[in-house]
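Below is one structure, written out as structure tokens; the observations come after it.
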Amino acid sequence: MPAKNPKELFVLMLSDVRHGTERATKLFQELSQVVQDPDIKEALEARVFVSNKIVDTIDQCFKLINEQPAKFSGRWYEVFAEDFRKELGEMQNPIVRHLFILAKANHLLHLRIAEYKALIAAADLSGHYGVGVLLETCLADKLVFAERTARLIRNIAETRVAERIGARSAA
């Protein structure tokens, strides 16, 4: 659906974020079933919970602007998930798999952060300040998850380095 004016573009962008959030939630659910590290599994399960709340918040945004989500092809998400599954399936080392999962989650997350920033500006420009507030809460959730993901990546790296140093000291 091509956008003919700023409001249609806003609805299209908001629809894309909603659709993408639903798709990402399904991917996080799928990943939480295969991850072995309990910290990463717990983080993914928390992400699913928060993502479901975000979908509800976006639905409230649609109510406030008196619109319905637009149909969206979402081919990008399908390609991302398909490539992700293929590459993950080829990885045998559990630590490499965990880092790959976290890196890809971070990649997707930063794309969403940029989209939320643009949506918040568009909501403000259109005079929908309540929608802007709701979108700010979604952005805050994404920023927190980005920080937590970065912390998990650092913890994995620090643990591996400590193990390597311990092994050298023992030898």
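What follows draws every value from the coordinates through simple rules; no lab data is involved. Just so we're clear, the structure is a prediction, and the values are computed from it rather than from any experiment. So basically every Cβ, Gly included, is an ideal-geometry build from the backbone, and we count neighbours across all protein chains shown.
With an a/c value of 1.5 or above and a/b not larger than b/c for the gyration tensor axes a ≥ b ≥ c computed over the alpha-carbon atoms, the range 63-170 is described as oblate.
Here is the list for the range 1-72: trypsin sites (Lys or Arg not before Pro) lying in DSSP coil, each with at most 11 other C-beta atoms within 10 angstrom of its C-beta, are K4, K71.
Considering all C-alpha pairs of the range 1-134, those separated by over 22 Å amount to 42%. Given +1 at the Cβ of Lys and Arg, -1 at the Cβ of Asp and Glu and no other charges, the dipole of the range 100-171 around its Cα centre is 460 debye to the nearest 20. What do you get for the angle between helix 75-89 and the principal long axis of the chain? Use alpha-carbon atoms, 0 to 90 degrees, nearest ten. Approximately 10 degrees, to the nearest 10. Counting other beta carbons within 10 Å of each residue's own, what order do S126, S51, S169, S15 fall into, fewest first? Going from sparsest to densest Cβ surroundings: S169, S126, S15, S51.
Here the sum of -39500 (n - 2.57) over DSSP H runs of 4 or more residues, divided by the residues of the chain, equals -30500 deg cm²/dmol at 222 nm, to the nearest 500. The mean sequence separation of alpha-carbon pairs under 8 Å and at least six residues apart, normalised by the residue count of the chain, gives a relative contact order of 26 percent.
If the limit is 19 Å between Cα atoms, which of K4/K142; K7/K53; K7/K71; K53/K86; K4/K63; K4/K53 go over it? From K4/K142; K7/K53; K7/K71; K53/K86; K4/K63; K4/K53, over 19 Å: K4/K142; K7/K53; K53/K86; K4/K63; K4/K53.
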